[in-house]
Amino acid sequence: MRCGGLLKIFLLIFFLTPIVVAYLYPEIGSLSSSACCLRSICGVECPTCGLTRGFIAASKGHLRDSFLLNPLSPVIFLVFLLLCVVLARDIILRRTFAERLYKRFDRYTGVAIASAVAFSFTLKWLMLR
C-alpha cells in the first residue's frame, strides 16, 4: 500500500493537532479534577487516569510532572512528536520511511499498546503504595 501525499498531510495534521492544542492549553494546575468513572465510583484509578494532564505537561516540557501524572503520557507524547517529524520529513523529501515503519511494526501494534497500558497501570499502582 502506497501512502499518498494527501494522506501523509492528513496524518501529520492528525498527530500535530493534539500537540499544539495541549501546548496552548492553560497550565496543568487548572486540570485538578478527574472525569474518570472508575475513580469516581470505586475510588481506584484506571490505567488512563492522568493521561490527558500528563500529555499537556509533556507538551510544555514538564516531563517529570507528566510521568508522575501517568507514566505512559510522556511516551505517547514522544511517539506523536516522532511521527510528526517522520511524516514531515517524508512529505518534504518525498520519501517512504513512514510506510516502511508501518509495515514493520503493524503486526506488533496491539501487543505493544496492551503491554504499555499494563505497564503504566502497574507502575501507577506501585507509586500509590
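Before moving on, here are some points about what is shown:
- Scope segment 51-62; condition over 13 Å from TYR25 (Cβ atoms) and either crowded, with 19+ Cβ neighbours inside 10 Å or modelled with pLDDT under 90 (or both); matching residues: LEU51
- Pairing each residue of segment 64-87 that is within 28 Å of ILE9 (Cβ to Cβ) with any residue that is of a type in the set (D, E, K, R) and part of a helix (DSSP H, G or I), provided the two are 6+ apart or on different chains, yields C-beta distances under 6 Å for LEU87/LYS8.
- The residues of segment 77-125 that are at pLDDT below 85, among the small types (Gly, Ala, Ser) and surrounded by 13 or more Cβ atoms within 10 Å (Cβ to Cβ), listed by number, are ALA98, ALA116, SER120.
- Subset of segment 36-50 [among the charged types (D, E, K, R) and outside any loop (DSSP other than H, G, I, E, B)]: ARG39
- Hits in segment 51-85 - residues which are in a loop (DSSP other than H, G, I, E, B) and touching a Gly at 6+ places or on another chain (Cβ under 7 Å): ASN70
The values are calculated or read from the model by the stated rules, or taken from the named source; none is laboratory data. As the structure is a prediction and not an experimental result, all values here were calculated from the model. So basically every Cβ, Gly included, is an ideal-geometry build from the backbone, and we count neighbours across all protein chains shown.
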